[in-house]
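Working notes, beginning with the structure itself.
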Ligand SMILES: Nc1ncnc2c1ncn2[C@@H]1O[C@H](COP(=O)(O)OP(=O)(O)OP(=O)(O)O)[C@@H](O)[C@H]1O
Ligand SMILES: [Mg+2]
């Protein structure tokens, strides 16, 4: 397995002014019940902000319940958020408690709120105005005590203008606004983040901690980082696997994302991985397969049919590989 899950909230690293300000804001508002809207690009650390807001609040003994609004079909979101009574619709075979209730005395994290349908927005607005919800197919109103933190990578003011997002909901959600700037606006945090990821990942793999040469660090700082901190972490993991003990600028250039303009594909094929890092032939084969499939998916804009065609395997087979390796769009 290439990735492990860490359950504890990781430290928010960074010496940049931006991170300092964000931490200060978290400290100030965590203890209140004020709603917070966290904005920022993919992988910039929005979820981490939400987790710390919960962790530092009086609610930290209760749960942080997360809802990915983009991942739930609009016809199911109401039941997901508010729950339903048995028999309220065809597939409602038993009663279900929704996320608002589950988050009671804790924090409800509405992730990707900018992707929520207008009809769901109307219902969420009502719940926020009244601190009460009604289960789908239910009669009684249920009081809920939740602190809501929402996040989005969209520009909600633009979405409002385009008629995709409700202004009144925006105002309800954005009592406090926290914007997480992209990594390129805080490049000076890259060395610290890199060091921490090196330690964490090497320790996870049970290998001595690798280092990045000075030129290597400069090369890292110069990359475009469109996937922000998540991309940096994935890149470090890749470098650990593919480079020798000292990661050089040549390694960085060779293994930077295929989509980034700074590298030539020839360099990638010219450089061979550090085979000593793989405990078995199988482990290496899995690695190679994963990297190959990831590269091809990216290249084909994550169009699975097209990619399957491109590499000449069955679409269903490709789906099972994506599942097996836990590949996700945007996670390089
Ligand atoms: N300041 C930081 N210090 C250490 N790790 C960080 C920092 N910011 C983010 N990370 C890590 O980077 C990864 C991406 O962060 P996170 O999931 O919070 O981003 P996000 O903005 O929610 O991304 P997305 O828009 O894709 O949902 C996570 O593994 C997170 O722990
Ligand atoms: Mg997120």
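Derivation of every value follows stated rules applied to the coordinates shown; laboratory data play no part. On a predicted model such as this, the values are computed, not experimentally measured, just so you know. Methodologically, a virtual Cβ is constructed for each residue, glycine included, from the backbone with ideal geometry; neighbour enumeration extends over all protein chains shown.
Annotations
- Estimated D of the chain in µm² per second, where Rh is the Kirkwood radius over Cα pairs and Stokes-Einstein applies at 4 °C, 1.567 mPa s: 59 µm²/s
- On the basis of the beta-carbon distance and an R0 of 51 Å, residue 86 and residue 196 show a calculated FRET efficiency of 0.60.
- For region 1-116, the extents of the C-alpha atoms along the principal axes are 53, 34, 30 Å, listed from largest to smallest.
- Estimated 222 nm signal from helices in the chain, with DSSP H stretches of n ≥ 4 weighted -39500 (n - 2.57), rounded to 500: -13500 deg cm²/dmol
- With the simple model of a label 7 Å out from the Cα in the direction of the Cβ, residue 310 to residue 34 spans 4.6 nm.
- Ranking of 52, 302 by neighbouring Cβ atoms within 10 Å, starting from the fewest: 302, 52.
- Simple spin-label estimate for residue 27 and residue 167 gives 3.7 nm between the two label positions (7 Å along the Cα-to-Cβ direction from each Cα).
- Förster radius 45 Å - calculated FRET efficiency between residue 207 and residue 60 (Cβ-Cβ, nearest 0.05): 0.85
- Between residue 185 and residue 118, the contour length at 0.36 nm per residue exceeds the alpha carbon distance by 20.8 nm.
- Counting DSSP beta bridges with both ends in the chain, the antiparallel % (nearest 5): 15 percent
- Most mobile listed residue (207, 12, 116) in the chain, GNM with C-alpha springs under 10 Å: 207
- Cα extents for region 139-204 along the principal axes, largest to smallest and rounded to whole angstrom: 54, 33, 18.
- Structural descriptor for the chain: relative contact order 17 percent, calculated from alpha carbon pairs under 8 angstrom and at least 6 residues apart.
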